[in-house]
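What follows is one structure encoded as structure tokens, with my remarks underneath.
Read-outs: derived from the displayed coordinates by stated rules, not from any lab. Note that the structure is a prediction, hence the values are computed from the model and not measured. All Cβ positions, even for glycine, are placed from backbone atoms using ideal geometry, and neighbour counts span all protein chains on display.
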Amino acid sequence: MTTSMQAAVWQRPDAITVEQIPVPEVPVGWALVEVEYTGICGTDLSILHSTHPRAQAGIVPGHESVGVVADGGTTGLAVGDRVVAEPLISCGHCLACRSGSTHVCRNLKLYGIDAPGSLADYVALPASALHVVPAGNDRRRPSRSADHVAEWASRTPKCRVSVGEFKSRVRSGLANQRLTRPDASG
Ligand SMILES: [Zn+2]
Ligand SMILES: [Zn+2]
């Protein structure tokens, strides 16, 4: 297994360079993912333009990605499993996290901002952030991922949003991202 990889590194306002850097370490409970596709959203543009409130120079951006497992470590994921990454880093301790709403954690962070992201050959992520992509899914279409998230969410007891409404919200959000200025949202 190679020990170095190419990665996009944000250096300073409006300057990202491609660097050769070490392949990330894989802590216990994490997996190493060989990145196939990474989306670029308004948050990434705000990092590039240095208007994001938390991004620090030297970070590898990228938080919307799909890839295949290169090293499953102790996660139970198999080499070659195609996974989509849930980029949220939740604290696990705040009221939102303790009530199961980790996506609105008061201390919410993201891979690609607060930890190395996926604009790289490889990204290391905890098993909790990885979801196996069903066979046959077109990995290049984020709306397809939204479809699967919607199907999954609709089966959880606390979800009050219908599958159709969720897809519609996601797609309008994706459409809006092309029309609005980048901001600091995720
Ligand atoms: Zn929390
Ligand atoms: Zn984003």
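Under the classification rounded if a/c is under 1.5, otherwise prolate if a/b is larger than b/c and oblate if not, where does the range 1-103 fall, given a ≥ b ≥ c as square roots of the Cα gyration tensor eigenvalues? Mind dumping the intermediate values first?
Numbers: a/c = 1.98, a/b = 1.10, b/c = 1.80.
Oblate shape, in that a/c is at least 1.5 and b/c is the bigger or equal ratio.
Counting other C-beta atoms within 10 Å, which of Thr51, Thr3, Thr102, Thr17 has the fewest, and how do the rest follow? If you can, show how the numbers build up before the last one.
Working: Thr51 14, Thr3 6, Thr102 18, Thr17 10.
Neighbour counts put them in this order, fewest first: Thr3, Thr17, Thr51, Thr102.
Sorted from fewest to most neighbouring beta carbons within 10 Å, what does the list Leu45, Leu95 look like?
Details: Leu45 16, Leu95 10.
Ranked by crowding around the Cβ, least crowded first: Leu95, Leu45.
For a footprinting-style exposure proxy, rank Val79, Val133 by other Cβ within 10 Å, fewest first.
Values: Val79 12, Val133 19.
Taking fewest neighbouring Cβ atoms as first place, the list is Val79, Val133.
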